[in-house]
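The values are calculated or read from the model by the stated rules, or taken from the named source; none is laboratory data. Quick caveat: nothing in here was measured; it's all calculated off a predicted structure. Quick reminder, even Gly has a Cβ in these numbers, built from the backbone with ideal geometry, and neighbours come from all protein chains shown.
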Amino acid sequence: MSTPVGPYTPIVRAGSWLICSGQLGLAPATGGGPPALVAGGSGPQLTQAVANAAALLAAEGASLADVVKTTVFATDPAEFPVVNEAYVAAFGDHRPARSMVAVSGLPMGASVEIEVWATHDPA
């Protein structure tokens, strides 16, 4: 997991709820360098963002199968089909409720961001 890019907590537990702050397609830092957006645009960025959310959930004993709601923010509505492909590849047959919103910009020049809500009883 990487350090947040702003003044927020990456994941918060509220009872059985786990709320992941918006995740960008930042690849984990290697060699002590800062994390960087993955190359290739919206699809690869969403794939990495979901992987980042999955790592946050795993640290709390949960998984993507526990996700009940997502919100996807994308800077280009024309990319929605590409985002959908990456989303289906990441979640498989699991279909959480989802909103997808077009926005004028995202942090660090990202083209996509995902917020994740999951429910998982703590052990």
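Just a few scattered comments:
- If only residues of segment 13-56 that are more than 14 Å from the chain's Cα centre (by Cα) and assigned to a strand (DSSP E or B) are counted, the one that is surrounded by the fewest Cβ atoms within 10 Å (Cβ to Cβ) is ALA14.
- In segment 59-84, the residues that are assigned to a helix (DSSP H, G or I), surrounded by fewer than 19 Cβ atoms within 10 Å (Cβ to Cβ) and over 15 Å from the mean Cα position of the chain (by Cα): PRO77, ALA78, PHE80, PRO81
- Unique match (being of a type in the set (Gly, Ala, Ser), in contact with a Leu (Cβ under 8 Å, 6 or more places away or on another chain) and modelled with pLDDT of 95 or more) among ALA55, ALA62: ALA62
- Every condition in (1) in contact (Cβ under 8 Å) with a residue 12 or more places away in the chain; (2) exposed (fewer than 13 other Cβ atoms within 10 Å of the Cβ); (3) not aromatic (Phe, Trp, Tyr) is met by VAL88 except one, and the failing one is (1).
- In segment 15-34, the residues that are over 20 Å from ILE114 (Cβ atoms) form Cβ pairs under 7 Å with partners that are at pLDDT 95 or above, at six or more places apart or across chains, as follows: SER16/THR119; SER16/HIS120.
- Check on ALA90, within 16 Å of GLY25 (Cβ to Cβ), in contact with a strand residue (DSSP E or B) (Cβ under 6 Å, 6 or more places away or on another chain) and either acidic (Asp, Glu) or outside any loop (DSSP other than H, G, I, E, B) (or both): no
- Residues that are under 14 Å from the mean Cα position of the chain (by Cα), part of a loop (DSSP other than H, G, I, E, B) and within 19 Å of ALA54 (Cα to Cα), drawn from segment 93-109: PRO96
- Within segment 51-62, considering residues that are touching a helix residue (DSSP H, G or I) at 6+ places or on another chain (Cβ under 8 Å) and free of Cβ contacts under 8 Å to residues at least 40 places away in the same chain, the one nearest to LEU37 (Cα to Cα): ALA51
- The single condition among (1) of a type in the set (Val, Ile, Thr); (2) outside any helix (DSSP H, G or I); (3) farther than 15 Å from LEU26 by Cβ that ILE114 does not meet is (3).
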